[in-house]
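Okay, so here's the structure we're looking at.
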Amino acid sequence: FVPAELDEFLTDKGHNAYLGIRYHAHGPGWLELAMPWHDRLAADAQGCTFASGPVMALMDNCAGSAIYLKRGGYLPQVTLDLRIDYLRPMQRTELLVCRCECFELTPTIAFTRGIAYESSPGDPACHV
């Protein structure tokens, strides 16, 4: 599994391509995906923040990719439970970044955690 090659999968597949989700960065035990701002992804008519659906898709994809990173390759998997806890209103920015890690991997289940942020991982807008 080579995280930097994720864009080959993300850029031409379904909702990932529509939302513009792309590989952003990775390090030991963590991976980041990012989604650019677009008016069609706005939560309201004023276009001040991302709608929750695109945020959920970004965070689900990032958490799944973090499992691939920990596992060292692709295997079919499903999301069993995904909850986003918003810490503050999101700001309209050029890019929303999600950073996730897989902190426990068993033969039958994986556990992940992550954040979404606009400019700094030290100031997350939400947790997953």
Working note, the chain: Cα radius of gyration (Å, one decimal) and Dmax (Å, whole number) are 14.0, 46
Send over the per residue convex hull volume for the range 8-62, Cα only, as a whole number of Å³. 81
Sorted by number, the cysteines in the chain with no other cysteine beta-carbon under 4.7 Å are CYS48, CYS102, CYS126
With runs of 4+ DSSP H residues as the only contributors, calculate the mean residue ellipticity of the chain at 222 nm using -39,500 (n - 2.57) per run, divided by the residue total and rounded to the nearest 500. -7000 deg cm²/dmol
Assuming 0.36 nm per residue, please report the length gained on full extension of the stretch PHE1 to TYR18 beyond their Cα-Cα distance. 3.7 nm
The range 31-127: chymotrypsin sites (Phe, Trp or Tyr not before Pro) in DSSP loop, at most 15 other beta carbons within 10 Å: TYR74
Length gained when the stretch HIS127-TYR74 is fully extended (0.36 nm per residue, less Cα-Cα span): 16.6 nm
Could you give the angle, 0 to 90 degrees to the nearest 10, between helix 52-71's Cα long axis and the longest principal axis of the Cα atoms of the chain? 20
Between ARG40 and GLN91, with labels modelled 7 Å along Cα→Cβ, what's the label distance in nm to one decimal, could you check? 2.7
Surface/4 of the Cα convex hull for the range 23-94, nm²: 5.8
Just to be sure I understand: with springs between alpha-carbon atoms less than 10 Å apart, which residue in GLU118, GLU32, GLU104 has the highest mean-square fluctuation in the Gaussian network model of the chain? GLU104
If each of ASP81 and THR106 carries a label point 7 Å out from its Cα toward its Cβ, how far apart are those two points in nm? 1.2
Sulfur and carbon atoms: percent of accessible area, the chain [1.4 Å]: 54
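The values are calculated or read from the model by the stated rules, or taken from the named source; none is laboratory data. This one's a predicted model, so the numbers in the text were calculated from it and none came from an experiment. Note: ideal-geometry Cβ built from the backbone for every residue, glycine included; neighbour counts use all protein chains shown. Protein only, heavy atoms only, side chains kept; ligands, DNA and RNA dropped before computing areas. Shrake-Rupley method; radii C 1.70, N 1.55, O 1.52, S 1.80 Å.
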